[in-house]
Amino acid sequence: KNIKIIEVKSEIGAGTRGASLGVDAIKIAALDFMSNFFVHFPTEEIETENKLLFEPIESPYAKRIKGTINMYERVSKSVCDTIKQNWFPVVLSGDHSTAGATIAGLKLARPKAKLGVIWIDAHADLHTPYTTPSGNMHGMPLAASIAEDNIENKVHELDDNTVKLWGQLKNLGKIAPKVLPEDIVFISLRDYEKEEEHLIRKYGMKVITTNEVRRKGAEAVARSVFRYLHDCEYIYVSFDVDSLDASISRGTGTPVSNGLREREAEDLISKFMQHRKICCFEITEVNPTLDRENLMAEIAFNILQRSVNVLMMN
Ligand code: DIR
Ligand code: MN
Ligand code: MN
Ligand code: MN
């Protein structure tokens, strides 16, 4: 596969500042390891909306959603063009809201094909503006992708403008839903709210716990994931580094205990990358301002490097 790197140094979807520095921290990790990894690949940097961080919030239950829509348009176009030009997009992003745009771009590139998603994350990212506990858009990319409102579990009343903007986000590229809930697999999910749990149960979404990964091993887990997603024609892997255990993930906005070890994540992701249906890989939520030394970015770089090596052999 021919790899192209798409850098999205956006952090408007996160509640903690600093994730926009994650991409550069990963590059610093490469330099510290004396690796020339980044020399080998064409790279596109997407313009961000981070200037909005200095402005007052308009929608408290969908913070900076206008900027998120603009970012989604740019990222989805870049991902779509990359696929159409027969490149394999590796997206390095700041906060995880970007993944909704990546999914939109993949769907736009192949509108008729069934898309599967492997979501490696402590969180479900299935909130909507109606249910969000924080208003942060990085808790919503999967809900946007499956075009979910979750009105049954509504917690907040929204103003008309927020409703309109959320509608625009869900319908970005004029395809909704972009992925079906049954075509999503969660890995290492362990920190979610009851409104998200309701959706997971309602749709019978597939969840593989940290313990299952540990017990069964990377190969068996990968096999069961691809068996589960057998009718999907192409599959995207989204790697939120907070899927890793809190003991090694100080350098991310929301570390959670009982997560994956570095080696477990690396082995599992490289197994995923061997599969012919894998069409895109994203690494997100590295926040070096919260770290001591540059550990989180170094781990992310190691996983990136091994994954890309596997992709290039396939
Ligand atoms: C929480 C935290 N569920 C929220 N989400 C995070 O604010 O929606 N996702 N950190 O990665
Ligand atoms: Mn996430
Ligand atoms: Mn997360
Ligand atoms: Mn959540």
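Brief remarks follow.
- Qualifying residue in the range 257-265 (condition: assigned to a helix (DSSP H, G or I), more than 16 Å from ligand 4 (Cβ to nearest atom) and among the aliphatic types (A, V, I, L, M)): yes
- Subset of the range 219-256 [within 16 Å of ligand 4 (Cβ to nearest atom) and open to solvent by 40 Å² or more (accessible area, probe 1.4 Å)]: THR254, PRO255
- Of the residues screened, LYS170 is one that is within 29 Å of ASN287 (Cβ to Cβ) and open to solvent by 20 Å² or more (accessible area, probe 1.4 Å).
- Pairs where the first residue, in the range 1-23, is farther than 21 Å from THR43 by Cβ and open to solvent by less than 10 Å² (accessible area, probe 1.4 Å) and the second is part of a loop (DSSP other than H, G, I, E, B) and of a type in the set (Val, Ile, Thr), C-beta under 9 Å, 6+ apart: ILE12/THR48; ALA14/THR254
The rows are residues; the columns are (1) in contact (Cβ under 8 Å) with a residue 24 or more places away in the chain; (2) within 16 Å of ligand 2 (Cβ to nearest atom).
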position	(1), (2)
GLU212	no, no
ARG215	no, no
ALA218	yes, no
TYR228	yes, no
ASP231	yes, no
GLY253	yes, yes
GLY259	yes, yes
ALA265	yes, yes
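- Some residue of the range 26-37 being touching a Lys or Arg at 6+ places or on another chain (Cβ under 6 Å) and buried (at least 16 other Cβ atoms within 10 Å of the Cβ): no
- Taking the range 42-152 as the region of interest, the helices (runs of 4 or more DSSP H) fully inside it that hold 3 or more residues being over 16 Å from the mean Cα position of the chain (by Cα) are 65-84.
- Residue check for ASN287: within 16 Å of ligand 4 (Cβ to nearest atom), out of contact with any strand residue (DSSP E or B) (no Cβ under 6 Å at 6 or more places or on another chain) and more than 20 Å from LYS4 (Cβ to Cβ): no
- Enumeration of residues in the range 115-160 that are in contact (Cβ under 8 Å) with a residue 24 or more places away in the chain, away from ligand 2 (no atom under 16 Å from the Cβ) and either of a type in the set (A, V, I, L, M, F, W, C) or open to solvent by 50 Å² or more (accessible area, probe 1.4 Å) (or both): LEU115, ALA147, GLU152, LYS154, VAL155, LEU158, ASP159
- Meets criteria (of a type in the set (Asp, Glu), more than 14 Å from the chain's Cα centre (by Cα) and either at pLDDT below 95 or not in a strand (DSSP E or B) (or both)) for GLU11: no
- Boolean, TYR192 is touching a residue at least 60 places away in the same chain (Cβ under 8 Å) and either under 13 Å from ILE120 (Cβ atoms) or outside any loop (DSSP other than H, G, I, E, B) (or both): no
- Test: residue in the range 93-107 that is surrounded by fewer than 24 Cβ atoms within 10 Å (Cβ to Cβ), basic (Lys, Arg) and modelled with pLDDT of 95 or more: no
The values are calculated or read from the model by the stated rules, or taken from the named source; none is laboratory data. Please read all numbers here as calculations on a predicted model, not as lab measurements. We place every Cβ from the backbone using ideal geometry, glycine too, and count neighbours over all the protein chains shown. These accessible areas exclude ligands, DNA and RNA; they are computed on the full protein's heavy atoms, side chains included. Shrake-Rupley method; radii C 1.70, N 1.55, O 1.52, S 1.80 Å.
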